[in-house]
1. How far apart, in nanometres, would the label points at residue 92 and residue 208 be if each is projected 7 angstrom from Cα along the Cα-to-Cβ direction?
2. With Rg/Rh (Cα atoms, Kirkwood Rh) as the read-out, I listed (i) 1.32; (ii) 0.92; (iii) 1.12; which label goes with the value calculated from this structure?
3. What nm value, rounded to one decimal, do you get for the distance between residue 140 and residue 85 when each label is placed 7 Å out toward the C-beta?
4. Rounded to the nearest 0.05, what FRET efficiency do residue 70 and residue 148 give with R0 = 45 Å and r taken as the Cβ-Cβ distance? Could you check?
5. Spin-label point model (7 Å from Cα, Cβ direction): what's the residue 131 to residue 107 distance in nm?
6. When the helix-only estimate is applied to the chain (DSSP H runs of n ≥ 4, each -39,500 (n - 2.57), divided by the residue count), what is the mean residue ellipticity at 222 nm, nearest 500 deg cm²/dmol?
7. Over the range 152-208, what is the relative contact order in percent, taking alpha-carbon pairs closer than 8 angstrom and at least six residues apart?
8. Using Cα-Cα distances under 8 Å and only pairs 6 or more residues apart, what relative contact order does the chain have, in percent?
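Here, each number is a calculation from the coordinates, and none is a lab measurement. Since the model is a prediction, treat every value here as computed from it, not as a measurement. Quick reminder, even Gly has a Cβ in these numbers, built from the backbone with ideal geometry, and neighbours come from all protein chains shown.
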């Protein structure tokens, strides 16, 4: 849009920074013939239905209108598959999207300020259209509640495998003895305590450690 409107190349970096900062006053000063349209794009940000209605009311050049239509189609497809998902649109958000060529997405979770992941449409090395989404494992791991510790059973050497499987089905975590630790019962109990086990399975008998 900036190029089609004849915005000078020397002005574009400052104008893009103003859009990035959501600075309507600077956009009005630098936007030239596009100023009112760009400010309208700024103000259209919000819940998807509201944003789509605002964007549809704008007079946009053909290329921008085509991108808007892809956005509208994407919103409709997502809403059909996941109607309870909360969607918002920011028409001028482009931080970190320099190589993308179409609709881009950022994923958030309720109650979390940091983004879980982002992605979008882009061109591969051979100019082949592609779409991808990358999640941030560090953020996801911080979101996952700490797992409840399971009672641990030390499975002594030669213990019945079926009994061990039944214990796992009941919610126990089992730690099997290695051949090097197989020995007298006293050794097995010491190893079980060392591994933080609350029970020991010998043969078919599961006993709570004293």
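1. 6.6
2. (i)
3. So the label points at residue 140 and residue 85 sit 1.5 nm apart.
4. Calculated transfer efficiency: 0.50.
5. That separation, rounded to one decimal, is 1.4 nm.
6. -11500 deg cm²/dmol
7. It comes to 49 percent, rounded to a whole number.
8. Working: 241 pairs, mean separation 24.5, N = 210.
Over the chain, the number comes to 12 percent.
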